[in-house]
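Asker: Below is one structure. I have some questions about it.
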Protein chains: 4
Amino acid sequence: MKKVPSSIKDEKLIKMRRDQMIKGAVALFKEKGFHKTTTREIAKASGFSIGTLYEYIRTKEDVLFLVCDFIYEHVKERMEDAIDMNDTNSHSLKGAIQSYFQLMDEMQDEVVVMYQEVKSLSKEAQEYVLKKERDMLNLLEHVIRHSLPEPLSDLDIELIANNIFVQGQMWGFRRWMLHKHFTIESYTERQMHFLFQGLPIPEKA
Amino acid sequence: MKKVPSSIKDEKLIKMRRDQMIKGAVALFKEKGFHKTTTREIAKASGFSIGTLYEYIRTKEDVLFLVCDFIYEHVKERMEDAIDMNDTNSHSLKGAIQSYFQLMDEMQDEVVVMYQEVKSLSKEAQEYVLKKERDMLNLLEHVIRHSLPEPLSDLDIELIANNIFVQGQMWGFRRWMLHKHFTIESYTERQMHFLFQGLPIPEKA
Amino acid sequence: MKKVPSSIKDEKLIKMRRDQMIKGAVALFKEKGFHKTTTREIAKASGFSIGTLYEYIRTKEDVLFLVCDFIYEHVKERMEDAIDMNDTNSHSLKGAIQSYFQLMDEMQDEVVVMYQEVKSLSKEAQEYVLKKERDMLNLLEHVIRHSLPEPLSDLDIELIANNIFVQGQMWGFRRWMLHKHFTIESYTERQMHFLFQGLPIPEKA
Amino acid sequence: MKKVPSSIKDEKLIKMRRDQMIKGAVALFKEKGFHKTTTREIAKASGFSIGTLYEYIRTKEDVLFLVCDFIYEHVKERMEDAIDMNDTNSHSLKGAIQSYFQLMDEMQDEVVVMYQEVKSLSKEAQEYVLKKERDMLNLLEHVIRHSLPEPLSDLDIELIANNIFVQGQMWGFRRWMLHKHFTIESYTERQMHFLFQGLPIPEKA
DNA sequence: AATGAATGAGGTTTCATTCAT
DNA sequence: GATGAATGAAACCTCATTCAT
């Protein structure tokens with residue numbers, strides 16, 4: 001759990017400075033991507049000098065890790081808040097999807113950044129971060145499992161969870177396509193419709 | 001749409017050299033990403049010298065463009081072959097999905113590369129490439145429109161086309177998750193099942 | 001000869017802190033050399049903070065000076081103790097050599113450090129420190145001059161003094177070679193043997 | 001034996017450029033030491049750009065290695081030339097010493113540089129270079145062994161070889177002291193005198 | 001007197017691109 | 001047409017030093 005060492009002792013300060021850093025870095029990464037962003041730009045956007053930046057991280061990759069970790073953690077927390085694990089009520093799946101899609105709408109930029117840049121992390125860091133994605137999928141799977149009248153196989157549950165997860169992200173990374181004709185509300189409504197309804201069956205298939 | 005000038009006259013040679021280049025580059029980009037791959041590595045993997053590489057492109061970004069363009073073009077062509085635009089038969093949607101998923105399985109590496117690196121292209125190049133994505137979606141939309149017994153709204157058609165498109169790509173870029181429990185055949189079957197069937201409805205929703 | 005100013009008033013404290021500093025620094029310099037040792041490491045090894053370090057010195061080079069000066073001073077003092085300037089007894093040269101070699105054995109690390117790093121001092125500091133080397137040589141020269149039955153020329157005396165001086169240091173800086181087959185005692189004995197005896201003369205030379 | 005890889009293919013060119021490099025670097029190292037010399041200065045002194053420098057080495061330490069290796073190799077070769085291994089004639093030791101001291105006089109700067117900076121090499125490189133020192137000592141030992149009328153113990157031979165070796169270097173690294181009153185000729189003559197003659201014995205010791 | 005966070009000049013190294021052969 | 005040596009801007013990172021607390 002201990003990650004990204006710093007030469008600064010004051011933990012409060014570390015948190016504060018790193019928050020500044022993440023904020024600045026997300027903005028830059030969104031605009032030009034991780035690789036085209038220089039450490040000096042990150043320092044500047046964070047409001048301190050290059051020397052200070054390196055008091056709080058060891059390498060440029062640490063910044064990316066901090067950013068990814070922050071986003072994943074944030075999304076995960078919000079999902080946990082939105083989903084009542086004890087509520088097996090049948091509405092809960094719809095509610096969960098709605099909350100999740102809403103969140104994806106709010107965090108579009110972050111999600112797109114994260115989405116494109118995780119591959120630049122070291123294998124180790126990637127695994128650490130992906131663990132949180134797994135957690136979120138488990139959450140979704142749990143809701144799916146307990147919200148449906150008829151039980152689904154574990155495989156089907158996994159598939160549906162993945163579909164929902166990706167459809168949430170789609171709203172962000174295919175915005176150039178989807179935002180032309182949809183609002184997040186209409187998008188949510190239609191996706192939900194087809195999720196439950198399916199397509200009109202061709203023939204007797 | 002003349003793109004990527006070369007100082008070489010012989011068009012045949014250009015095509016040949018660029019094919020070598022694309023093949024080498026895809027392998028490298030898959031492994032380490034566009035930014036971490038050097039032009040020298042590309043030249044080496046392509047089987048010629050750095051000097052020769054630059055006889056066939058102007059900048060490193062040209063390589064990326066060539067790669068993306070090639071992949072999109074290839075996928076597009078294969079989809080056009082697979083889909084008979086005149087066949088309004090009701091089975092055609094299923095057939096199209098099957099062909100497309102099959103293709104995505106074969107071209108996993110290419111698709112993942114393309115998927116991660118398009119954002120590194122210039123806005124202009126991105127638009128050029130994305131145009132081909134638009135074409136593919138149109139293809140899917142056409143099939144959807146003409147395969148279903150009941151007509152869907154244009155918006156719904158667009159949404160479904162996007163869903164199918166992304167679910168095909170998912171098979172590649174979420175392989176770490178999906179390939180554990182699915183083969184491309186079972187994946188296709190279950191996705192198709194839920195596409196038409198939907199989930200068991202909770203309540204009377 | 002007031003050297004290395006400090007912003008601290010309490011002279012006792014200065015001496016104490018600087019002793020800590022020298023001890024820590026010698027260990028570090030021995031291990032990684034002056035240039036690869038950071039001021040922060042010196043502070044840490046000395047048991048106080050970087051801020052405090054700079055209360056007792058002005059620049060990093062001051063630390064090196066303090067170290068070199070300390071070592072030279074220490075060696076010089078010990079040599080002065082060992083050599084009774086009034087004792088013109090013929091044994092005194094052997095005694096002096098013995099004491100000096102013994103000292104060089106005890107202070108190997110320090111001598112090696114000093115030996116390698118003096119050149120990193122400013123010309124001015126170098127001269128100051130080398131002055132003490134001159135003093136030690138004078139000491140040796142004095143003993144040589146007054147211990148031999150037949151008088152030697154000044155030049156010869158200087159040469160012999162230098163030889164002895166360097167042979168003492170050799171024990172430290174060529175330890176990888178000499179310590180394999182010698183102890184300080186056998187080394188002293190053999191060196192002394194050849195110093196007085198010379199080699200078996202080839203021919204009638 | 002293969003050491004210090006280069007991205008240049010033309011071996012002739014590598015040799016040429018590295019010779020330029022060594023020449024430039026020795027001058028700089030002599031003046032300011034390895035650590036205070038920047039790679040850009042080395043490039044400039046070598047007569048090419050910083051980019052070119054790095055085509056012929058991987059790291060700054062490689063330059064130091066090249067320099068040390070060159071010097072050791074050069075000295076070794078010259079010693080091998082000077083010493084006829086088959087000549088067991090009694091004069092050979094004197095001749096060898098004379099040649100060696102002469103060489104040390106010519107290569108003063110190089111020897112001093114090498115002497116001070118070997119410690120900055122990696123352990124591995126140090127061992128590689130020190131191997132050559134061992135070879136030179138063996139050479140000296142051989143001559144000593146075969147030039148003396150009375151046989152010496154192996155230990156004594158080793159000791160004498162070391163003494164001669166260091167006395168040669170002394171002429172360079174203690175020049176501030178020795179060059180005041182000696183020329184290389186008189187230095188050689190007196191050192192040789194005491195080597196064979198020893199000191200006038202105090203008492204009957 | 002002691003601390004340690006902040007600074008930024010400057011060091012090492014990489015790599016896209018050019019051009020003479 | 002092909003080659004690969006040369007270039008230098010620019011990237012990442014370090015660390016001696018300062019100064020407010």
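Asker: Quick test of your reading of the structure: C:Phe165 fulfils all but one of (1) aromatic (Phe, Trp, Tyr); (2) surrounded by fewer than 19 Cβ atoms within 10 Å (Cβ to Cβ); (3) within 26 Å of D:Lys180 (Cβ to Cβ). Name the failing condition by number.
Answerer: Every listed condition holds for C:Phe165 apart from (2).
Asker: Let me ask something else. So, in the range A:2-16, of the ones that are under 24 Å from the mean Cα position of the chain (by Cα) and assigned to a helix (DSSP H, G or I), which residue ends up farthest from A:Met107 (Cα to Cα)?
Answerer: For the range A:2-16, the residue satisfying everything is A:Ile14.
Asker: Looking only at the range D:174-191, filter to residues that are crowded, with 19+ Cβ neighbours inside 10 Å and touching a residue at least 12 places away in the same chain (Cβ under 8 Å); which one of those is farthest from the other protein chains (Cβ to nearest Cβ)?
Answerer: D:Thr188
Asker: Look at A:Ala43 and say whether it is away from DNA strand F (no atom under 11 Å from the Cβ) and among the aliphatic types (A, V, I, L, M).
Answerer: no
Asker: Report whether or not B:Lys36 is within 14 Å of chain A (Cβ to nearest Cβ) and within 16 Å of DNA strand F (Cβ to nearest atom).
Answerer: Yes.
Asker: Looking at the range C:192-205 only, could you name the residues that are at the interface with chain D (Cβ under 8 Å from one of its Cβ atoms) and in a loop (DSSP other than H, G, I, E, B)?
Answerer: Those that are at the interface with chain D (Cβ under 8 Å from one of its Cβ atoms) and in a loop (DSSP other than H, G, I, E, B): C:Gly198, C:Leu199, C:Pro200, C:Ile201, C:Pro202, C:Glu203, C:Ala205.
Asker: Go through the residues of the range A:22-29 one by one and say whether even a single one is aromatic (Phe, Trp, Tyr), within 17 Å of A:Val129 (Cα to Cα), modelled with pLDDT of 95 or more and more than 12 Å from DNA strand E (Cβ to nearest atom). Let's see the steps before the verdict.
Answerer: Step one: list which residues in the range A:22-29 are aromatic (Phe, Trp, Tyr), which gives A:29.
If we keep only those that are within 17 Å of A:Val129 (Cα to Cα) too, we end up with none.
Looking for residues that are aromatic (Phe, Trp, Tyr), within 17 Å of A:Val129 (Cα to Cα), modelled with pLDDT of 95 or more and more than 12 Å from DNA strand E (Cβ to nearest atom), one finds none in the range A:22-29, hence no.
Asker: Residue check: is B:Ile14 within 16 Å of DNA strand E (Cβ to nearest atom) and aliphatic (A, V, I, L, M)?
Answerer: no
Asker: Restrict the check to the range C:111-131 and report whether at least one residue is among the aromatic types (Phe, Trp, Tyr) and either within 7 Å of chain D (Cβ to nearest Cβ) or more than 30 Å from D:Glu127 (Cα to Cα) (or both).
Answerer: Of all residues in the range C:111-131, those among the aromatic types (Phe, Trp, Tyr) come to C:115, C:128.
Restricting the remaining residues to those that are either within 7 Å of chain D (Cβ to nearest Cβ) or more than 30 Å from D:Glu127 (Cα to Cα) (or both) gives C:128.
Yes, the range C:111-131 contains a residue that is among the aromatic types (Phe, Trp, Tyr) and either within 7 Å of chain D (Cβ to nearest Cβ) or more than 30 Å from D:Glu127 (Cα to Cα) (or both).
Asker: For A:Asp105, indicate whether it is part of a helix (DSSP H, G or I), without any contact (Cβ under 8 Å) to a residue 12 or more places away in the chain and of a type in the set (Asp, Glu).
Answerer: Details: part of a helix (DSSP H, G or I): yes; without any contact (Cβ under 8 Å) to a residue 12 or more places away in the chain: no; of a type in the set (Asp, Glu): yes.
It is false that A:Asp105 is part of a helix (DSSP H, G or I), without any contact (Cβ under 8 Å) to a residue 12 or more places away in the chain and of a type in the set (Asp, Glu).
Asker: Please work out which one of (1) within 30 Å of D:Tyr115 (Cα to Cα); (2) surrounded by 13 or more Cβ atoms within 10 Å (Cβ to Cβ) is the condition C:Glu124 fails and give its number.
Answerer: (2)
Asker: Something else about it: So, in the range C:146-159, of the ones that are buried (at least 18 other Cβ atoms within 10 Å of the Cβ) and facing chain D (nearest Cβ under 7 Å), which residue ends up nearest to D:His193 (Cα to Cα)?
Answerer: So, considering only residues that are buried (at least 18 other Cβ atoms within 10 Å of the Cβ) and facing chain D (nearest Cβ under 7 Å), the one nearest to D:His193 (Cα to Cα) is C:Leu159.
Asker: So which of D:Val143, D:Val166 ends up being at the interface with chain C (Cβ under 10 Å from one of its Cβ atoms) and modelled with pLDDT of 90 or more? Show your work before the answer.
Answerer: Numbers: D:Val143 fails: at the interface with chain C (Cβ under 10 Å from one of its Cβ atoms).
Result of the check over D:Val143, D:Val166: D:Val166.
Asker: Now a separate question. Which residue, of C:Lys60, C:Lys44, C:Lys30, C:Lys76, is within 14 Å of another protein chain (Cβ to nearest Cβ), touching a residue at least 40 places away in the same chain (Cβ under 8 Å) and surrounded by 15 or more Cβ atoms within 10 Å (Cβ to Cβ)?
Answerer: The match here is C:Lys30.
Asker: Still on this structure, please answer the following. Within the range D:118-137, track down each residue that is part of a helix (DSSP H, G or I) and in contact (Cβ under 8 Å) with a residue 12 or more places away in the chain.
Answerer: Hits for the range D:118-137 are D:Val118, D:Ser120, D:Ala125, D:Tyr128, D:Val129, D:Leu130, D:Lys132, D:Glu133, D:Asp135, D:Met136, D:Leu137.
Asker: Right, something else. Can you work out which of the residues in the range C:84-104 that are surrounded by fewer than 19 Cβ atoms within 10 Å (Cβ to Cβ) and more than 14 Å from every other protein chain (Cβ to nearest Cβ) is modelled with the lowest pLDDT?
Answerer: Here the answer is C:Asn86.
Asker: Go through (1) more than 12 Å from the chain's Cα centre (by Cα); (2) more than 19 Å from A:Arg175 (Cα to Cα); (3) not polar (S, T, N, Q) and name the single condition B:Asp156 misses.
Answerer: It fails just one condition, (2).
Per-residue answers, yes or no, for (1) within 16 Å of DNA strand F (Cβ to nearest atom); (2) more than 20 Å from C:Ala125 (Cα to Cα):
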position: C:Lys15; (1), (2): no, no
position: C:Gln20; (1), (2): no, yes
position: C:Phe29; (1), (2): yes, no
position: C:Tyr54; (1), (2): yes, no
position: C:Thr59; (1), (2): yes, no
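The values are calculated or read from the model by the stated rules, or taken from the named source; none is laboratory data. The structure presented is a predicted model; accordingly, all values stated were derived computationally and were not measured. Note that we place each Cβ from the backbone using ideal geometry, even for glycine, and neighbour counts take in every protein chain shown.
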